[in-house]
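One structure is given here, and the rest of the page talks about it.
The values are calculated or read from the model by the stated rules, or taken from the named source; none is laboratory data. Nothing here was measured: the structure is a model prediction, and the numbers come from that model. FYI the Cβ positions are ideal-geometry reconstructions off the backbone, even for glycines, and counts take in every protein chain you see.
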Amino acid sequence: MADNPEKLNPHPTTSGRSVRNMNWGPRLVGKKAKMTGTAPRRESKHIERGGYIAEIMVSDSALLGVTIYHYVIQRKGWLDIVHWGQELSMQRAQECVNDFIDGRISKQA
């Protein structure tokens, strides 16, 4: 058993480092790699109201062939995300943000 180091260490290593601790995120395959995910745009909208901050970001999904409006809502001054979502129009994303904030404000009153 001592002759086989893989049995002693369940986490394989690469150059003496544990593979478990290495970053295995997405990799760029080459210059001609085709993106099939979501490409972010620079367009965004910032909303501050009732002690909350919301950011609406726009991206084009090459995979789905549509524009997606992502929104993230946080309490002002906090890092935690209290609500997030995706919609197919800026108007609907704004409605969702406003509905959420209105609901939180009415609960506090």
Inset, instruction - Restricting attention to the range 76-90, report how many residues are out of contact with any helix residue (DSSP H, G or I) (no Cβ under 9 Å at 6 or more places or on another chain) and either exposed (fewer than 10 other Cβ atoms within 10 Å of the Cβ) or assigned to a strand (DSSP E or B) (or both). - result: 5
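Tell me, yes or no, whether the range 14-28 has at least one residue that is modelled with pLDDT under 90, at positive phi and either in contact with a Leu (Cβ under 7 Å, 6 or more places away or on another chain) or not β-branched (V, I, T) (or both).
Within the range 14-28, one or more residues are modelled with pLDDT under 90, at positive phi and either in contact with a Leu (Cβ under 7 Å, 6 or more places away or on another chain) or not β-branched (V, I, T) (or both).
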Inset, instruction - Can you run down the residue pairs with Cβ atoms below 7 Å, 6 or more apart or on separate chains, where the first is in the range 48-63 and touching a residue at least 40 places away in the same chain (Cβ under 8 Å) and part of a loop (DSSP other than H, G, I, E, B) and the partner is surrounded by fewer than 14 Cβ atoms within 10 Å (Cβ to Cβ) and among the β-branched types (V, I, T)? - result: G50/I105
